[in-house]
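Worksheet for the structure shown next.
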């Protein structure tokens, strides 16, 4: 039985449909990330699970029990705000023991649980401090500790790392996950950072304009994206337009602008269909020689960028199209300069083929 | 996505209805009754005001004259407030300098000091030999009581008092508004090449328009309703508020109530549209106003020059205004009470000394003790009752969908001239109406509740908004707190500052109120009313002492407010 | 030509020294980023250059001219704010023409410039919109256009992308760089996001506690950070404590806790010195063959993120290191519990003297 189950959950704010018939099951002990751009309805979904919002339609089940109309305090799900919402008039100790005290546990148990958890988040020494005296990272840990101490089985995390510096955020990802796993909790974590989601989650839910676009393990989402939007939002890719020119047994041939032809291993498209081919930057290599079994296209290095331990080349192809390639610094045999003539290669089996979107390609991939 | 649509906390319906019921009966009903009274007894009004068998429509002509005078006074005071209050508010909001808090306190002082005491201080300062006149070596006051300011034709002394009493409303409202405007807008404008004055005109002022308007509205309403100080310094002039007090005491109830409801309706007609405009979120002047190019360029050049060279003026002049209208009168009174302690220093007569007047045959000391007792009972009782009403009311305003409507309605008692208010309470609950109480302490309490509730509610709401209370409460709920628990352990402690500030503001307001009190007090005289009585009885030294007493009392209260608000 | 030179710039807030004798020169046409954890003084630095903050000591030169006493509006710099700060009561058009207007430029010229700017940010169609009607990314583009319309040659970017979504942020940063390079501007960009800084800057300045820790090209800072804090701040790194046991001409041997020995090319200090060695997770590899610098251990966690897999390996001595690999088909998959050997090439091992303040303090991110 799923721990959390949403059936046809719909929520509207005036004219806007924030959530449109959401169906989702979350298992006990799972770490699920809800990923999507601003305004996708992520927070609304989380608040509905918490009971801070009521859905207009549909049912929410927790532990198999329908909870529509059940107030938040009786749902066993604690909500952690991006701003942490630590009670400013209480010390760290009082904040963390808030849940146990309000639930009227006996004194010994409150003290034991609180000190154990403070120890666990390495804040035992600061138990008498007030929230505003702590750094951002510490406040985040207090909020987490407070949630865990309340005895809830479900943690609802709304951009839990969003208020922290970029570098710190990366460090805290794994800590957050191991804390949740060690405690045997179930977490629903909302974020707009795809890297964060891929790294932390057991399962990722991609939300777009109030609808679920895809659900799957991080690996599935990354390697088998179901739409152009998911490909672009998670991991990113090169997108080129073309028409299917040949359909064979092992794959098809797509003709790009300027008559350039590439092999793709996907079948089942009809000849002449307008398609979008997507290739991950990481699947494109840059070299001086052709690679057998791959698509090889001549081009010229347009720019070289250095991104977090990787080198990214933007290569201008002979047909004017641009293709980016990203290679780990440690895997790059040599570096190429701007203006150098190179061959970009990518294997047919790493090409995704999508029907050309009705609203145009830009609408699907543009973030701004 | 944040949403307002979430289910409100379960304030049990009983509490909601009880609160709303009490609110309508105690706070709103009197005013509406005043207006309906005029219609219900139209015949009486018509006979007394328009077709008086003896004086014809003389009363009507009086009403018109008084109304014109009042509006002239109030409008010119507000205009003056704006000219000098805007720069002062800007300095208080944006600059940090030693003594900033002190300056803030001094500006706030007239809000706290009972107005009759303050009016008396101003009177002494300007028109008597004990004030500036004597200091300059004259044998009389610097200015005569009835000297008019040209053009606006308003007595100087009346104008000064009204400016001092309304100034804080403009300055403090605008200060808060300026503070709420992100400073990066100004910085952006500066980096784009605009001087600080140009930035002020183009960016800060348009964005602060709601603040300017609500400050002006508050100041205008205050000036229109001011009675305590006006009674003391009015001389031969009559403002609308005093006229009501006078007619009420002459039992010309029909004329008084006609005048009162006219005043209320005119005030609303001016103020409510502004309030509705301001109440809409995110209001600002939209278009950067157009002007001819040559003028525009010249203006910008002038602003650039003025930003550099004349910036001292904008710092100094408002300070001078505060100094002359607030600080000097207080110093003069404190100084005089010492000089007049045992005898009048000019004539040498013991009868003119403080001691004689207090403990001599007239025994004002006894009256003062009684008045203190009355004032404190009234202030405590009315504040306590208002508190019980205001706390749930503030929650209803924030949590229920009709909250905004209630908040707008709440402005109604805030902008009623206080003497109209007193009259309305007298008519409704007094012997002529429901006969709940005779003029005296109970009627005073009923009157004070009307203006105390909005004061407390506003200060709780101010603490509520920007505290992120909803988030804290939601957090508490998901941690296992019931709605009641969440309010008790999270909301109320977080609102403590606002609640206490509201308490003290209401307490001081009640302590200093004169206009309404005068009408309903009967024989239970409060301290500010006592000052008026003393002045009318020409017991100047006793009035000096009582004013000092009031000033010291309010300074203590002000210090308390400071202490409570600093914590956050 | 806009060249910015800071000489001994110092700013104190009470006891806190926000900028401690900062010396920095930004060359004409350079794109320089300042990074560091919250409270390191980077914002104070950029605000001092704009004239928003007055330094207590030191001189600031723009184009060789001392600007310490010049008010903000006369410094002629473009400034982009983290919270965007578009005037909410003005349309996109009025926002953009604000600068020329208050500088009294002729209306015809103003109009031409504004059209050009709108073209540049591809917003011509929405010039009548109010800022609140635009997405965050579009708002920030408008703010950049507003800052540039008066032909400012020095662009100060104060966490310009901080308020935006990760994906938008990643896209806009390249647009920013392209704009700066196309218009031949000089740019100073303050951010707490090292990846952002590293990917678009010509030079990166790392700050900590009011001081400049290190400055250099992104790739140098990444591969050869001179300072241990930089090593941690600009990217992921593993840190192991050890002692130098042998120093040769161009290589030394460090014994890490537990007795394993590592050969390093980067020599620092003498025999017996306590040191910290650092290496980037992607420069380490999992090997079978006997080679130099082997550390045996056991995989305790496998983290996939897109094309990258991170293996957390617990070494024999209990220390944990991360090894990062590009994920591809041919490579074997890794499982928790696998016994593996980690290899680190000598040239990729960085050696630092053990910090006096302790390792945790030296690496602290806040």
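The values are calculated or read from the model by the stated rules, or taken from the named source; none is laboratory data. The structure displayed is predicted, hence computed values, not measured ones. Using ideal geometry, Cβ is built from the backbone for each residue, glycine included, and neighbour counts are taken over all protein chains shown.
Observations on the structure shown:
- Count of the range C:161-184 residues which are more than 13 Å from chain A (Cβ to nearest Cβ) and touching a helix residue (DSSP H, G or I) at 6+ places or on another chain (Cβ under 8 Å): 2
- Residue match in the range C:186-206 (condition: touching a residue at least 40 places away in the same chain (Cβ under 8 Å), more than 14 Å from the chain's Cα centre (by Cα) and surrounded by fewer than 20 Cβ atoms within 10 Å (Cβ to Cβ)): no
- Per-region count, the range C:74-112, residues within 7 Å of chain B (Cβ to nearest Cβ), surrounded by 22 or more Cβ atoms within 10 Å (Cβ to Cβ) and assigned to a helix (DSSP H, G or I): 3
- Hey, residue A:171 in the same structural domain as residue A:38 (by TED's automatic domain parsing), more than 14 Å from the chain's Cα centre (by Cα), free of Cβ contacts under 8 Å to residues at least 12 places away in the same chain and more than 22 Å from residue B:481 (Cβ to Cβ) or not: yes
- Within the range C:47-73, being part of a loop (DSSP other than H, G, I, E, B), within 9 Å of chain B (Cβ to nearest Cβ) and surrounded by 22 or more Cβ atoms within 10 Å (Cβ to Cβ) holds for one residue alone: C:51.
- Those residues of the range A:45-68 which are more than 9 Å from chain B (Cβ to nearest Cβ) and at positive phi, in sequence order: A:58, A:63, A:64
- Selected residue [closer than 28 Å to residue C:219 by Cβ and out of contact with any helix residue (DSSP H, G or I) (no Cβ under 8 Å at 6 or more places or on another chain)] from C:254, C:271: C:254
- Scanning the range B:171-205 for residues being within 31 Å of the chain's Cα centre (by Cα), surrounded by fewer than 20 Cβ atoms within 10 Å (Cβ to Cβ) and facing chain C (nearest Cβ under 7 Å) gives a total of 1.
- Of the residues making up the range C:248-259, those that are touching a residue at least 24 places away in the same chain (Cβ under 8 Å), farther than 22 Å from residue C:363 by Cβ and touching a strand residue (DSSP E or B) at 6+ places or on another chain (Cβ under 8 Å) are C:251, C:252.
- Residue B:66 outside the structural domain of residue B:209 (by TED's automatic domain parsing) and in a helix (DSSP H, G or I): no
- Subset of the range A:25-44 (residues that are in contact with a strand residue (DSSP E or B) (Cβ under 9 Å, 6 or more places away or on another chain) and either within 11 Å of chain B (Cβ to nearest Cβ) or not in a strand (DSSP E or B) (or both)): A:27, A:28, A:29, A:30, A:36, A:37, A:39, A:40, A:41, A:42, A:43, A:44
- Helices (runs of 4 or more DSSP H) within the range B:506-568 that include 1 or more residues surrounded by fewer than 19 Cβ atoms within 10 Å (Cβ to Cβ): B:527-536, B:540-566
- The lone exception for residue B:235 - which of (1) without any contact (Cβ under 8 Å) to a residue 24 or more places away in the chain; (2) at positive phi it fails: (1)
- For residue A:146, the criteria (1) surrounded by fewer than 16 Cβ atoms within 10 Å (Cβ to Cβ); (2) touching a helix residue (DSSP H, G or I) at 6+ places or on another chain (Cβ under 9 Å); (3) more than 14 Å from chain C (Cβ to nearest Cβ) hold in every case but one, which is (1).
- Filter result (in contact with a helix residue (DSSP H, G or I) (Cβ under 8 Å, 6 or more places away or on another chain) and more than 16 Å from residue A:294 (Cα to Cα)) within the range A:239-265: A:239, A:240, A:241, A:242
- Condition check for residue A:137 on (1) outside any helix (DSSP H, G or I); (2) closer than 28 Å to residue C:39 by Cα; (3) in contact (Cβ under 8 Å) with a residue 24 or more places away in the chain: one failure, at (1).
- Strands (runs of 3 or more DSSP E) contained entirely in the range C:209-319, each with at least 2 residues that are within 25 Å of residue A:168 (Cα to Cα): C:211-216, C:238-247, C:274-279, C:294-305, C:308-315
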